Every structure is written in C-alpha cells, then in structure tokens.
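In what follows, a structure is listed as structure tokens, so that the remarks can point back to it.
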Amino acid sequence: MASCDIDALIAKANERLKAAAVRVRVYRKGAKLYLQGTLPPKPNSNKLKPHQQYLTLGVSANLPGLKVAEARAKEVDALLSLRQFNWAAWIKQSAIALDQLTVAEWLERFEASYFQSRPRGQSQINTFHKNYWLLIRRMPQDEILTASLLLNTIEEESEAGSRNRQLFCMSYGALAKLAGIEIDLKVLDSSYSPKSVSPRDLPTDEEIVAAWERIKNPGWKWIFAMLATYGLRNHEVFRLDTSRLREPPHTLRVLQETKTGSRLVYPCPSCWAEKFEVWNVCYPKTMVEDISNNRLGQKVYCYFRAQNLGLTPYDLRHSYAGRTAILGVADSLASRWMGHSVAVHTKIYHQFLDESHNKKAWDIMREQEKHLYPD
C-alpha cells in the first residue's frame, strides 16, 4: 500500500476518533503506526504536567495495523479518562523491538535521556540542538537506525580530519551507545591514529562484479558501476560531466556543486570502464532537481540496503582507494581523483588495506621484477 493511500486512511480514522470525542490520534512514522496524545509525564521525566507524546504500537502502517491502532486509541483515551493510564506497560512494550526503531524514534529517546541528567534550561537546549539534534537530523528519519547508516552519514556529511567530523563522531557515538549499537568510530575520528585501527573488511573485486551482475534495474546498475569504477561519493554520481566517457581513458569530471568541488577522475581498474560500458549513461528515475547532495547520497545508500547487496556505497569508494595503492598510482594523483588531500588519503584510506591487498601488491611487484631482473 502506497504511503499516500495509508495516510488518507489514517486521516479518516482520526476523523472518526474526533467525532467520538477520543482525544488520542493515530500517527505514522515511516512504516510504523503510533498513537499521539496528551499524556502524563514519563517516569523520571523533568516535566511535571501532561504533554504531547507518542506511544509505540509495534504495528505496520497498513490496513490491519490501522484497525489495531484505532482500537488502541480508544482504549488509551478511556484509561486517561479514568486516570488509570500507566506508562509501565508501554515502556515494556517499546523495549521489545529496539532494533526496529527508526532514526526519528531514537532521536526522541535520545533527547529524553539527554535531559534526564541535566536541567532543560535555554543554554542546555541550545547545546543539545547544535551538537546533537542538527547532526542526527542529517540521517533519513524514517530509516531504521543501524551502524551502516551512522557510518555512511558521517562519511557523506563531513570531511576527514575536520572539526565537523569530530562533532559527528561524538554525536553519533552517543546515539549508538544509547541504542546498543556496537560501532567503532575511531577509524573516522581524526583524533585517533590509524595505526590503532584494524583493517576494514572490504569486498574483493570479484564480489563487487558479482553484486553488479545481480542488479536488474538498468539505472541503478549504472550507478553501481560508476561508484565502483571511479570511487565516487554517493551524491557525486548525480553531479557528473560524462561527455568524455566513451573515449579512452574513459575519464569523467565531477561537477562543482559537490562536496569538494570539480575534479577529473580516472577509472581504476581501467578495464571496468569497458566491462561495465560506463558510457551508456542511464540514471534511475530519481528526481535530482532541487534535491540536496545529502538526500541524493541517502537515496543511493537506501537502494543498496534494500537490495541486500552485501556491501555499501562507501565500500566501493574504499576499495577504489585501496586499488589505486596496489596498482602503484601515486598518492598525490589518487587523492586528487578522489577529491581529498594527500594526508587524508594516506591516513584514512590506506588503513583499509589488509593482508590480501598486500599479497596482491607483492604479486604485481614480482611480475615487474621478471622484466627488470631476468634470470
């Protein structure tokens, strides 16, 4: 059922509740339904008076779920009228499926937790808004909160080594801790040495090609090929000059209105440009006009996640970086192709090279030795 259809049915359900003098309403967040009403303060809350809050139902935003939600709304209203509403049952129910809560739901819980240990004064509110709320709102609010979503948003929204990157890591680290998500942000936070970080488990070239072959949609198949072959950031694939793709060396230009501005990019490995026929430009049916780079990047991430490809868009970027090192591309050039500094390239991306990458580089070196040092 399309979201517009269920929203129309929710509106009709709320009209029936209002006509029956029920003060609780049905509310949709993403693919789930909730109740909204003026409820007593939660246990340990700093608030003293009833205020607008949400109740987690654990039902999907469809017709059967809506029937349950409408019935529960009447039940909650009756309990409120009798002054018998008790948060204990709802808090227990909300804890059943924490791994299915959306970003918006975790943000609501995070705000409540944040102000449990400090007063809700204007200064504290401003600090929370600046250091946490604004950054967490950069994630798609209807998506389920996962470690991959946290990592991808940090990489997409902040530059390695910047103060902004440190703020993202601080904010998302606190959110992950509350949500019970195990995540190591040391690899992204410039305050840590890359020597202390374990190599990341990146897909092999064979796994990347296999994932590309599984994609049926021609538009998204082309998007995947471009990310893999050119190591682009998620949003950059929508901001390209592709006029030079057909002729060798099949270069492209990232346009100015991207995270780090215009640059020329070469394919690596070069054979993928022909294997994937990158010159057959085919975008998916996604509107790009008046859409921010962040939203474009999230569209790519969400597609990868929905298709269960077994890797993320940034896995492709990291693999590209490692590949340039293995094939002997100078850091000064590789970093320029990727749109960041040499320091970032060596500090952030070389740490993803594991034993298999080093073995591959050694094999290439041995082949070159045969020509330089013949028996």
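The values are calculated or read from the model by the stated rules, or taken from the named source; none is laboratory data. Computed from a prediction, not measured in an experiment: that's the story for all the values here. No Cβ is skipped: glycine too gets one built from the backbone with ideal geometry, and neighbour counts run over all protein chains shown. Surface accessibility is based on the protein's heavy atoms, side chains included, excluding ligands, DNA and RNA. Shrake-Rupley method; radii C 1.70, N 1.55, O 1.52, S 1.80 Å.
If you go through the stretch 174-204 and keep only what is open to solvent by 40 Å² or more (accessible area, probe 1.4 Å) and either assigned to a loop (DSSP other than H, G, I, E, B) or modelled with pLDDT of 90 or more (or both), you end up with GLY180, GLU182, ILE183, ASP184, SER191, TYR192, SER193, SER198, PRO199, ARG200, ASP201, THR204.
Among the residues of the stretch 80-90, those that are on the phi < 0 side of the Ramachandran plot and either modelled with pLDDT of 90 or more or surrounded by fewer than 13 Cβ atoms within 10 Å (Cβ to Cβ) (or both) comprise LEU80, SER81, LEU82, GLN84, ASN86, ALA88, ALA89. Working carefully through the options VAL68, VAL76, find the one that is open to solvent by 60 Å² or more (accessible area, probe 1.4 Å), in a helix (DSSP H, G or I) and of a type in the set (A, V, I, L, M). Testing whether each residue is open to solvent by 60 Å² or more (accessible area, probe 1.4 Å), in a helix (DSSP H, G or I) and of a type in the set (A, V, I, L, M) leaves just VAL68.
Looking across the stretch 37-67, the residues that are hydrophobic (A, V, I, L, M, F, W, C) and either touching a residue at least 12 places away in the same chain (Cβ under 8 Å) or on the phi > 0 side of the Ramachandran plot (or both) come down to LEU39, LEU55, LEU57, VAL59, ALA61, LEU63, LEU66.
With respect to (1) of a type outside the set (Val, Ile, Thr); (2) buried (at least 21 other Cβ atoms within 10 Å of the Cβ); (3) touching a Lys or Arg at 6+ places or on another chain (Cβ under 7 Å), the lone exception for GLU157 is condition (2). Selection of first residues in the stretch 13-36 that are closer than 15 Å to ALA104 by Cβ and open to solvent by less than 60 Å² (accessible area, probe 1.4 Å) and of second residues that are modelled with pLDDT of 85 or more and of a type outside the set (A, V, I, L, M), restricted to Cβ pairs under 6 Å at least 6 apart or on distinct chains, gives the following pairs, ordered by first then second residue: TYR34/TYR27; TYR34/TYR54; GLN36/ARG25; GLN36/TYR27; GLN36/TYR54.
Report yes if some residue within the stretch 40-50 is touching a strand residue (DSSP E or B) at 6+ places or on another chain (Cβ under 9 Å) and assigned to a strand (DSSP E or B); otherwise report no. No, the stretch 40-50 contains no residue that is touching a strand residue (DSSP E or B) at 6+ places or on another chain (Cβ under 9 Å) and assigned to a strand (DSSP E or B). Taking each residue of the stretch 322-345 that is part of a helix (DSSP H, G or I) and looking for partners that are acidic (Asp, Glu) with beta-carbon atoms closer than 9 Å, six or more apart or interchain, yields GLY322/ASP354; ARG323/ASP205; THR324/ASP331; ALA325/ASP331; VAL342/ASP331; VAL344/GLU159; HIS345/ASP331. Screening ILE6 against (1) touching a Gly at 6+ places or on another chain (Cβ under 9 Å); (2) open to solvent by less than 60 Å² (accessible area, probe 1.4 Å); (3) within 28 Å of GLU111 (Cα to Cα) leaves a single unmet condition, (3). Considering ALA321, ALA273, the condition of being in contact with a His (Cβ under 6 Å, 6 or more places away or on another chain), modelled with pLDDT of 85 or more and surrounded by 14 or more Cβ atoms within 10 Å (Cβ to Cβ) is satisfied by ALA273 alone. For the stretch 37-62, filtered to residues that are hydroxyl-bearing (Ser, Thr, Tyr) and within 22 Å of TYR114 (Cα to Cα), the residue that is least open to solvent (accessible area, probe 1.4 Å) is THR56. Scan the stretch 333-345 and give yes if some residue there is within 20 Å of the chain's Cα centre (by Cα), more than 21 Å from THR251 (Cβ to Cβ), of a type outside the set (S, T, N, Q) and surrounded by 15 or more Cβ atoms within 10 Å (Cβ to Cβ), otherwise no. No, that holds for no residue.
Within the stretch 107-148, restricting attention to residues that are under 19 Å from ARG305 (Cα atoms) and part of a helix (DSSP H, G or I), which residue is least open to solvent (accessible area, probe 1.4 Å)?
The first filter runs over the stretch 107-148 and keeps only residues under 19 Å from ARG305 (Cα atoms), leaving 138-148.
Filter once more, so that each one left must be part of a helix (DSSP H, G or I): 147-148.
Numbers: ALA147: 31, SER148: 50 Å².
If we take residues in the stretch 107-148 being under 19 Å from ARG305 (Cα atoms) and part of a helix (DSSP H, G or I), then ALA147 is least open to solvent (accessible area, probe 1.4 Å).
Of the residues making up the stretch 149-166, those that are in a loop (DSSP other than H, G, I, E, B) and without any contact (Cβ under 8 Å) to a residue 40 or more places away in the chain number 2.
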